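Presented below is the structure to which this report refers.
None of the figures in this text is laboratory data; all of them are computed from the coordinates on show. As the structure is a computational prediction, the values presented were derived from the model and not from experiment. Here Cβ is always computed from backbone atoms with ideal geometry, including for glycine, and neighbour counts include all displayed protein chains.
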Amino acid sequence: MKFTSLCCSFALSVLLIGCSQQGIAPPANSKLHVTLPEASFPLSVERKTNTIDDYALLVSQCGNPDSLLSTENDRPTPKIPSRLARYNLVAVNVVLVPHGCEERYDTAMRLLSGDSKVMKNGVNQIKACVSSKNHGWTIVGYVNARTQSPMSAADANSALSSMKEKRTAEPIRE
């Protein structure tokens, strides 16, 4: 029975990914199957050393976000570039940082949370993170857009899975 469920789940994933690559949304009566990584604070070693492009994974499973807020081109340049992918229909925001910036993001979050070890060195401990233009992105958190509070990966996956179709239009760039 488990094997059959696994096969059906895999087939559904292949169908959804295949459809998204062709710019076709799945049928309106179906729901998406979303499995995004755990990204709780403090970041796990797995998150800090991630090499998978989580933004590509997010878009392949959920479609394009409604909007994408990015600090990549801000002036002055922030020490840690970031993206916020907003899925307004289900009130989920996905927070991402470029590959290679995960450790610095984690340090900044520890500083903001009042971690005494990090507080000793302060903001000077955080060096600017520079990534190449062709880098991938790591999911570092999920935010409930209604309450502006952190969400677990399970809650984000559940909310995103409730979408009936993938958004194929390009996101609004903020």
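What net charge is computed for the residues neighbouring residue 136, neighbours being all others with C-beta under 10 Å from the C-beta of residue 136, Lys and Arg scored +1, Asp and Glu -1? Each step should come with its number before you reach the end.
Working: positive: none; negative: 53, 54.
Once all neighbours under 10 Å are counted, the net charge is -2.
Measure off 7 Å from each Cα along the Cα-to-Cβ vector at residue 173 and residue 53, then give the distance between these two points in nanometres to one decimal.
The two pseudo-label positions are separated by 1.6 nm.
If you take every residue apart from residue 48 with its C-beta less than 14 Å away from the C-beta of residue 48, what net charge results, scoring Lys and Arg +1 and Asp and Glu -1? Before the final figure, lay out the partial values.
Working: positive: 47, 104, 110; negative: 38, 46, 54, 102, 103, 106.
Residues near residue 48 contribute -3 overall.
Cβ under 13 Å from residue 96's Cβ, residue 96 left aside: what net charge do those residues give with Lys, Arg +1 and Asp, Glu -1?
Working: positive: 47, 83, 86; negative: 53, 54, 72, 102.
Around residue 96, the surrounding residues sum to -1.
Can you tell me the order of 147-159, 53-65 when each peptide is scored by its average per-residue count of other Cβ atoms within 10 angstrom, highest first? Display every interim value, and only then the final one.
On the way: 147-159: 15.1, 53-65: 19.4.
So the order, starting with the most tightly packed, is 53-65, 147-159.
Testing the spin-label approximation: label points 7 Å from Cα along Cα→Cβ at residue 70 and residue 44. State their distance in nm.
2.8 nm
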